[in-house]
1. Could you grab me the full set of residues in the range 6-49 that are within 24 Å of the chain's Cα centre (by Cα) and not in a helix (DSSP H, G or I)?
2. Go through the range 68-79 and give me each residue that's at pLDDT 85 or above and surrounded by fewer than 18 Cβ atoms within 10 Å (Cβ to Cβ).
3. For the range 175-194, how many residues meet the condition of being modelled with pLDDT of 65 or more and more than 21 Å from ARG134 (Cα to Cα)?
4. With the condition kept exactly as written, say whether any residue in the range 101-108 is assigned to a strand (DSSP E or B) and of a type in the set (D, E, K, R).
5. Whether any residue in the range 56-63 is within 26 Å of ALA121 (Cβ to Cβ) and not in a strand (DSSP E or B) is what I want to check.
6. Pairs, please: C-beta under 6 Å, at least 6 apart or cross-chain, first residue in contact (Cβ under 8 Å) with a residue 12 or more places away in the chain and among the polar types (S, T, N, Q) and in the range 114-137, second outside any strand (DSSP E or B) and open to solvent by less than 50 Å² (accessible area, probe 1.4 Å)?
Amino acid sequence: MPQFTTSYLLKLTAFTAVCCVPLAMNKSSGFVWTSFLLPVGVATLIASEVKQQGEYRLRLEERPDADVEIKAAGGRYAQWMHRWRIVAAGFFLSPLFGCPALNVVDPEPVALWLPITLALAAVAFLLLTVSTRRSVLVDDRRLVTDFLLLGRKCWWPLRWNVADGDVLAVYTSRAARTSGIPEFQFWEALYVCRGGRRYYVAGMTTRDRTSTGMEEAAHRLAKLIRIPFVGYREYQTIA
């Protein structure tokens, strides 16, 4: 989560002043530019305050109903995904402020721009509020992915009923990516596989081709749903 400190408030003040420079240079067109720039600019500043929450961790936590929730947190990948969502939300929110400002300078029928503006604002809202929750129903041998809106279920869940013959595998990328960030060199993901089909459990980018935490979680999950863990496979071989 972003960490709002006194330093951030000073940055926000300076950033807002810079975004208002077009307004000082030209009242009409500058008013429009400032309205468009502020949402995406502030979003970018907020995204820069998102810190890495330790190393990547894939945990299986028991819930009061005796089921198990699969939680993935931490790491550079989660940090940058969180940043991307905030910046993207700012981009989609810009028309919510910019279009009314543009309408003041160059009047257009409200029915022409208002539906598009509200639709983009809805996309921004979804980017900031939609999340997923993956659970293991141990007794039923079922994996469930719930889609949440503000922490509440909002869509039909994805379910995978584990059957005899299913296997658990970690797929990894074959070669390192040409990235300047060490943590983004490789990709690995945990899947439940049945022939050519598979169910995604969790994934992450890593500095090494394999990670201990993923393998430990895979062994524990395999024990819970009573299927074998077959180890690592090349990501390119997924059917």
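1. The answer is GLU49, and nothing else.
2. The one that is at pLDDT 85 or above and surrounded by fewer than 18 Cβ atoms within 10 Å (Cβ to Cβ): GLU69.
3. Residues flagged as modelled with pLDDT of 65 or more and more than 21 Å from ARG134 (Cα to Cα) within the range 175-194 amount to 6.
4. No, the range 101-108 has no match at all.
5. Quick first cut of the range 56-63, residues within 26 Å of ALA121 (Cβ to Cβ) only: none.
Looking through the range 56-63, none of the residues is within 26 Å of ALA121 (Cβ to Cβ) and not in a strand (DSSP E or B).
6. From the range 114-137, the pairs are THR117/PRO95; THR117/CYS99; SER135/ASP67.
The values are calculated or read from the model by the stated rules, or taken from the named source; none is laboratory data. Here the structure is a predicted model, which means the values were calculated and not measured. Ideal geometry is used to build each Cβ from the backbone, glycine not excepted, and the neighbour counts take in all protein chains shown. The area values use the complete protein model at the heavy-atom level, side chains included, leaving out ligands, DNA and RNA. Shrake-Rupley method; radii C 1.70, N 1.55, O 1.52, S 1.80 Å.
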